[in-house]
Amino acid sequence: MREIAITAVGADRPGIVSAITGALLEMGGNLADVRAALLRGSFAIVLVVSVPDDVSEDSVKDVLDPVAEEFGLGLWIGGADEAGNGADGESCVISVYGADRPGIVNAFSRLLSEQAANIVDLSSRVVGDPPIYVLGIAATMPAGMDPEALRQKLSKLAEATGVECSLSLDADEII
Amino acid sequence: MVRDVVRYPDRRLKTPAASIGTPGPADLRLAEDLRDTAQSYPRTVGIAAPQIGAMWRMAYVDCGQHKKVADPHPPFWLIDPEVTSADGQEVGREGCLSLPEITANVRRATEITVDYTDLQGERKQITTAGFEARVILHEIDHLDGVLILDRVSSLLLDVFPRKRR
Ligand SMILES: [Zn+2]
C-alpha cells in the first residue's frame, strides 16, 4: 500500500464527503487521516488515503475528476509525505483570542517559526459582534526547548499584539 | 509479576468490572501485578485491573514523586471504590496506558472523597484534590469500562496525538 494526499475545495453543498470517499472506497482506498471544514461558504477537505501499490496518482485523478466536475471542486492530488516534521520535542497547544485585526496569525506563526517550532494543526475564525478573533495552534517544539521560555515569548508577543494567549503542554504522565 | 497491558480496541476496556468484596489470595496477587506492571512503565501514576485483563474492581495509584502533586498519599490500592462526594471542575490533559498514542482534555472534579476497601478488607475513605483526584477518577472510569475518549467534549478538538518516545 502507498499513501496519496488529496485536497478538494469548492462551494459548499451536501454530498461532497460522501461522493469523494465513495469513489476512493470503490478503487480499494483506505482513509488514513482526514480534515474537512466549512470556511464561510467554502468547503475544504484534505485526505490521506492508502491505495494498493499499483494504483497511480493519475488513476486516483481519473476516479475523482467526475466527482470534482459534479460538485464544482478544485482538486489536487499528490504523493503523501511520510517523513517526520523535523521538530521532535514536546507537543503544546497555543490558544489566542482578541479583538480582530490583521496580522494575528502571521505574528504567532512567525514567532513559532523563529523558534523552530512546527505547527501541526491550526484553525482560526472570527466570531461575534464586535468581532473577536480566536486562534488555536497545536505545535511541536524542537527537542530540548524550554516550554517556559516559549511561554514568556508568547506572552510578550500577546501583550505587544493586544491579544490574550495561553500555552498548554502535553500530559507527561500516564494514568 | 509484570502483566501485558490491554490496549484499545480490546473490548475488555469497554466492559464494567465485577465487585471484589473481601479480597482473597487471588486479589492480593492481582494487587501485586498491578503495582509491578505500573512500575514497569515510566511516568505511570495509576493502573486499573481491566488494563491487565482482570475484570475486577481494583486499581493501583501512586502519585509519589510526581511534580503536579505536592503532598501525595503513599501508593495505595482501591478495591470496590465509590465516589461519595465530588466538587469543582477542571479540564486537564490525560494520557492512558491503554491508549498510548494519544492524550486528551478531560473535565474532572477537583476535590473528591472516595470510599474503598483496602487490601486487608477494611472499608476506608480517602479525600484528595487536584491531580491525584484526577488519577483516581480516571481509574474508577476504567472499572466502569469508560475511557478518556468517552469523556472528551469533542473528539475533534480535545484529542491529541502523543509523540512516540
Ligand atoms: Zn487509563
Exactly one of these conditions fails for B:A109: (1) within 30 Å of A:S95 (Cβ to Cβ); (2) within 16 Å of the ligand (Cβ to nearest atom); (3) more than 14 Å from chain A (Cβ to nearest Cβ). Give me its number.
(2)
Pairs please, first residue from segment A:150-175 and more than 14 Å from every other protein chain (Cβ to nearest Cβ), second anywhere and assigned to a helix (DSSP H, G or I), Cβ atoms under 6 Å, 6+ apart in sequence or on different chains.
A:L157/A:L111; A:T161/A:A107; A:C165/A:L154; A:C165/A:A158
The listed residue being aliphatic (A, V, I, L, M), modelled with pLDDT under 95 and surrounded by 15 or more Cβ atoms within 10 Å (Cβ to Cβ), out of B:A104, B:A109, B:A86
B:A104
Looking at segment B:18-52, which of the residues that are within 13 Å of the ligand (Cβ to nearest atom) and of a type in the set (G, A, S) is surrounded by the most Cβ atoms within 10 Å (Cβ to Cβ)?
B:A48
Number of positions in segment B:133-146 that are more than 12 Å from B:A109 (Cβ to Cβ) and either more than 11 Å from every other protein chain (Cβ to nearest Cβ) or touching a Ser or Thr at 6+ places or on another chain (Cβ under 7 Å) (or both):
4
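Among the residues of segment A:122-149, which ones are away from chain B (no Cβ under 14 Å) and among the aliphatic types (A, V, I, L, M)? First the steps, then the outcome.
Filtering segment A:122-149 for residues away from chain B (no Cβ under 14 Å) gives A:126-133, A:146, A:149.
Residues satisfying the conditions are A:V126, A:V127, A:I132, A:A149.
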What are the residues in segment B:53-65 that are of a type outside the set (G, A, S), crowded, with 19+ Cβ neighbours inside 10 Å and within 14 Å of chain A (Cβ to nearest Cβ), if any?
B:Y60, B:V61, B:D62, B:C63
Those residues that are touching a residue at least 24 places away in the same chain (Cβ under 8 Å) and either away from the ligand (no atom under 16 Å from the Cβ) or not β-branched (V, I, T) (or both), I need them from segment B:142-156; list them, please.
B:H142, B:L143, B:D144, B:G145, B:L147, B:L149, B:R151, B:S153
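The values are calculated or read from the model by the stated rules, or taken from the named source; none is laboratory data. Note that this is a predicted model, so its numbers are computed, not measured. Neighbour counts run over all protein chains shown; Cβ positions are idealised from the backbone, glycine included.
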